[in-house]
Each structure stands twice: as C-alpha cells, then as structure tokens.
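FYI, it's all coordinate maths here, none of it is from the lab. A quick note: this is a predicted structure, and the numbers were derived from the prediction, not measured. Don't worry about glycine lacking a Cβ; one is built from the backbone with ideal geometry, like all the others, and counts go over all protein chains shown.
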Amino acid sequence: MAGKTASSRVAARRRAAVEEILAAAWQLAGEHGLAGIALRELAGRLEMRPQSLAWYFPTKNVLYDAMHAQGHEEFLHVLDSATERGPLDVRRAAHVFADFCLASPPRYQLMTQRTVPGFIPSASSTVLARRAFGAWRAALAAAGVTDPDAVDVLTAVVKGVVDQQVTADPAGDRYLRHLDMVIDMFLAHPWPAP
C-alpha cells in the first residue's frame, strides 16, 4: 500500500512538472512563435538544467507533440462544455471553433497548420486530433450538417476566416466580425439532404 502511494505521488509530481513545462512552452510560443521555442531558454525559464528538461522532453518534437495533444484535449473540453446546454446550431459551432482558435494563435497553428519544419504529430496525438475533429463533426451533425462535402466546406470557410484574422489582424476583429455572414452564405447553399 505504501509503495502505491509513493508511486502515485511521483506520478502526480511528474504530471505537475509536465504541465508547468507546457505552460512555459506556450508562453514562449506566444513571444517567439512556435519555431522560436528554444529548449535551453525553456529550461532557464523554469529554473531547470537542460538535462532535467530532457528527462521530460528529450527533443523539441516530443515537446511539440505534447503541446499538439494538449491543444486537442483542450478543444474536446471546450466542445463538451459548449454542448452541455444542448446541441449547437451551425453558427454557434463555428463560433466555438473560431473563438478557441483565436484564443491562442500558436496553439491554433500547431493544431491545424504545419508551421514547424520537420514536426509530424505522433500516432497517439493524431488519434486525439481525429477525436477532436470527430467531436466537432458530431456537433455539426446535431446542427443538421451531415453531408461530408458540407462539413469540408464549412471547416475550410471557418478556418479561412480564422487564418485571415490570425495573420492580418491578430489583435482586432476585422475578419472574425464577418463569420456570421459567412455562415449565412453557407446555410443558404442547397446542400444535399442527409
């Protein structure tokens, strides 16, 4: 029994350390961009020796993979929270996605773009990404959007608005303010019946 308790404490300390490292990595990504994360600087911010950081994240790609997975876990949580009050309509589903993306441009870029040269998400991180997208598809299906082509178009359109906002006006709403109009245009299209 005592061994199990000690093991639980070690696991809890490791989880806390990983969470602290990821939080500092996201902060660095916000300051320098994703590709600008330097493991030595990250270790310094955490008052950790680089060798100690390497025990948790032996390479930068392992760190990126953990950040990628964390982003998709957070999106699943946001979707769960948004659907607790009932199914989303198309407009609200689009806003949930857009708001999540715009809350952290580096997280959005890591999750949905290939902005870091050489980084490819691991199989487990990819499964989590598919689960997150599957949950968004389920939210759209509950809102009546079930045609695969319609889902593809809606995803591309909402992502396009987010891309423009992140790229051209990260502190404003120049593109995001058109999201409802874009959704109205999408809904006006005669999509095939399910």
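Ordered by the number of other Cβ atoms lying within 10 Å of each residue's own Cβ, fewest first, PHE57, PHE119 fall into the sequence PHE119, PHE57. Relative to the longest principal Cα axis of the chain, at what angle does helix 90-103 sit, 0 to 90 degrees, rounded to 10? It works out to around 30 degrees. Just to confirm the number: angle between the C-alpha axis of helix 179-188 and the first principal axis of the chain, 0 to 90 degrees, nearest 10? The angle comes out at about 50 degrees. A straight chain from ARG174 to ASP149 at 0.36 nm per residue would run longer than the Cα-Cα distance by 6.3 nm.
With θ taken as phi - 60° and the Karplus curve 6.51 cos²θ - 1.76 cosθ + 1.60 applied, the whole-hertz 3J(HN,Hα) list for segment 72-86 is 5, 4, 5, 5, 4, 5, 4, 5, 4, 5, 5, 8, 4, 8, x Hz, x standing for glycine and proline.
Residue order for MET111, MET181, fewest other beta carbons within 10 angstrom first, comes to MET181, MET111. Considering helices alone, the calculated mean residue ellipticity of the chain at 222 nm is -24000 deg cm²/dmol, with DSSP H runs of length four and up weighted by -39500 (n - 2.57) and normalised per residue.
If the chain linking ALA141 and HIS32 were pulled fully straight, counting 0.36 nm for each residue of separation and taking away their Cα-Cα distance, it would gain 35.4 nm. With a ≥ b ≥ c the root eigenvalues of the C-alpha gyration tensor of segment 1-58, is it rounded (a/c under 1.5), prolate (a/b larger than b/c) or oblate? Here segment 1-58 falls in the prolate category. Centre-to-centre, using Cα atoms only, segment 8-44 and segment 115-187 are separated by 27 Å.
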